[in-house]
Amino acid sequence: MADTTDTKSSNQMWGGRFASGPDAIMEEINASIGFDKKLFAQDIRGSIAHATMLAHQGIISAEDKDKIVHGLNTILSEIESGNFEFSRRLEDIHMNIEARLATLIGPAAGRLHTARSRNDQVALDFRLWVKEELEKTEKMLTGLIAAFLDRADEHAESVMPGFTHLQTAQPVTFGHHCMAYVEMFGRDRSRVRHAIEHLDESPIGAAALAGTGYPIDRHMTAKALGFREPTRNSIDTVSDRDFAIEFLSIAAITGMHLSRLAEEIVIWSTPQFGFVRLSDAFSTGSSIMPQKKNPDAAELVRAKTGRINGSLVALLTIMKGLPLAYSKDMQEDKEQVFDAAESLELAIAAMTGMVRDMTVNTARMKAAAGSGFSTATDLADWLVREAGLPFRDAHHVTGRAVALAEGKGCDLAELPLADLQAIHASITDKVYDVLTVEASVASRKSFGGTAPSEVRRQIAFWRARN
């Protein structure tokens, strides 16, 4: 039975090369088991596929393969049930599993590492983990999009102010505003799908960096592990962390979108706006001010973006100066990805909950939609369409009308016809048909516009593809 306690020799792959073990500082900086144990399922899955291929190719015996597979499945059960003891002395997840396998099945365990290196082994484990995380992210984004589609359907005709510079610009519908986020998160989901396609290559068999002299079948292991094909260059295979960086890039962009939405929810839920109200499930109170109801869930989503961005910058910085092929620096890649993945999952889940939870104050939105002379552009368009003015002239006339209304303390629709005709004689009483917020949004029927009919068209499009 293999000895799993002597850290100076057999339980470490490099034990035969060095006369003495690492001192405490080296052991501390070198060990990754504290975080890479998260890869246990992927490591065991990869090892089973590798052992099966080795036996199929006649590189190891079928008997040894069966022992290895049985032992690995036993270890998987031990870890999943919480009965596996991870050791920092064994550095990483690979050595922890290999040492336990030796205890369980004896010398046959030593044959598992034939024709592979920890370099391609960790590349495989990490790539499998990121692929699974991307697939999970895709499903979560689909759920968030579905939540927005339901709210858009509900509020296709609910008028609200549209903003530029956070100043009232033109009336839109809340449904149209919701569909803007459908487009955003739809792009994020598309990036996720492309990333899965990019990383869908199996690293196992690249070995340390040069491939192997054993007659392995890399296409067999790729298929067994659910990859499209094996990677095509062994040096790049063990040096590549693009798949992790791409995941973090997607997480950062998605996080930015979530943060923009969170900011709007924070603003909309203030008494000054009062557009939406979150239930107690997504709010907290104040320790000193009993009237407060704080949108803490949205604020924390906004903050998670900073963590995700930090992880992206950290991994880019780790990788930027590394020569080919593998360097130990790359051990620092996993914590960044694990942390970002956890933050992103939590943020998407929280935001999906808030979108479905929030109560929309349509009366408050409608009242705000008419503020700030939001139908001024409709007046200018009417002058172009009905009076034949060039748009620049219509813009000038409308500006004078806005100044007059501002001076009188009223909306454009409240200006007497005589006042409007004093500005330009071609204005008739038909102009009032376009100066309401309902008429304004109904007229915006251009493809992708805010008219309720167009909003419903886009909802139908997205429901068909979601």
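The values are calculated or read from the model by the stated rules, or taken from the named source; none is laboratory data. Predicted model only: the values in this text are computed from it and were never measured. Cβ coordinates were reconstructed from backbone atoms using ideal geometry, including for glycine residues, and neighbour counts include every protein chain displayed. The area values use the complete protein model at the heavy-atom level, side chains included, leaving out ligands, DNA and RNA. Shrake-Rupley method; radii C 1.70, N 1.55, O 1.52, S 1.80 Å.
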Exercise for review: Would you mind checking K37/K136; K293/K408; K136/K320; K223/K304; K293/K334; K38/K328 for any pair whose Cα atoms are more than 26 angstrom apart?
Suggested key: K293/K408; K136/K320; K223/K304; K293/K334
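Among DSSP beta bridges whose residues both lie in the chain, state the antiparallel percentage, nearest 5.
80 percent
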Practice item. Compute the length gained on full extension between N73 and E299: take 0.36 nm times their separation in residues and subtract their Cα-Cα distance, giving the result in nm to one decimal. Key: 77.0 nm
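Measure off, as a whole percent, the carbon and sulfur share of the 1.4 Å-probe accessible area of region 371-457, all protein chains present.
54 percent
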Study note, to complete from the structure: So, with points 7 Å from each Cα along the Cβ direction, the N83-E135 label distance in nm works out to 2.8 nm
Point to revise | Rounded FRET efficiency, nearest 0.05, which uses the C-beta distance separating D23 from K223 and R0 of 45 Å | key: 0.50
Study note, to complete from the structure: With R₀ set to 25 angstrom, the calculated FRET efficiency between the beta-carbons of L166 and R456, to the nearest 0.05, is 0.35
Check your understanding: Hey, what angle do you get for helix 333-357 against the long axis of the chain, alpha-carbon based, 0 to 90 degrees rounded to 10?
Key -> 40 degrees
Check your understanding: Of the peptides 302-312, 187-197, 91-101, how do they stack up when ordered by the mean number of other Cβ atoms within 10 Å, highest first?
Key -> 91-101, 302-312, 187-197
Review point. Ignoring ligands and nucleic acids, what accessible area does F461 show with a 1.4 Å probe (Å², nearest 10)?
Key: 110 Å²
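Could you sort the peptides 64-71, 423-430 by per-residue average Cβ neighbour count (10 Å cutoff), highest mean leading?
Those peptides, ordered most packed to least, come out 64-71, 423-430.
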**Study point:** Overall dimensions of region 11-169 by Cα: Rg and Dmax, Å
**Key:** 23.9, 77
Review point. Could you give the angle, 0 to 90 degrees to the nearest 10, between helix 242-268's Cα long axis and the longest principal axis of the Cα atoms of the chain?
Key: 30 degrees
Exercise for review: Describe numerically, in nm with one decimal, the distance between label points set 7 Å from Cα along Cα→Cβ at R356 and at V313.
Suggested key: 3.5 nm
Point to revise | Phi-based couplings in Hz for region 204-218 (Karplus 6.51, -1.76, 1.60; Gly and Pro marked x) | key: 5, x, 6, 6, 5, 5, 10, x, 9, x, 6, x, 7, 10, 6
Exercise for review: In nm, give the distance between the simple-model label positions of C410 and I423, each being 7 Å from the Cα along the Cα-to-Cβ direction.
Suggested key: 1.3 nm
Review point. Which percent of the accessible heavy-atom area of region 56-124 goes to carbon and sulfur, probe 1.4 angstrom?
Key: 46 percent
Exercise for review: Mind checking the full-extension length gain between H198 and F391? Use 0.36 nm per residue of separation minus the Cα-Cα distance, one decimal, nm.
Suggested key: 64.6 nm
Review point. Which angle from 0 to 90°, rounded to the nearest 10, does the C-alpha axis of helix 93-105 make with the longest principal axis of the chain?
Key: 40 degrees
Practice item. May I ask you to give the solvent-accessible area per residue for region 29-109, in square angstrom, as obtained with a 1.4 angstrom probe? Key: 42 Å²
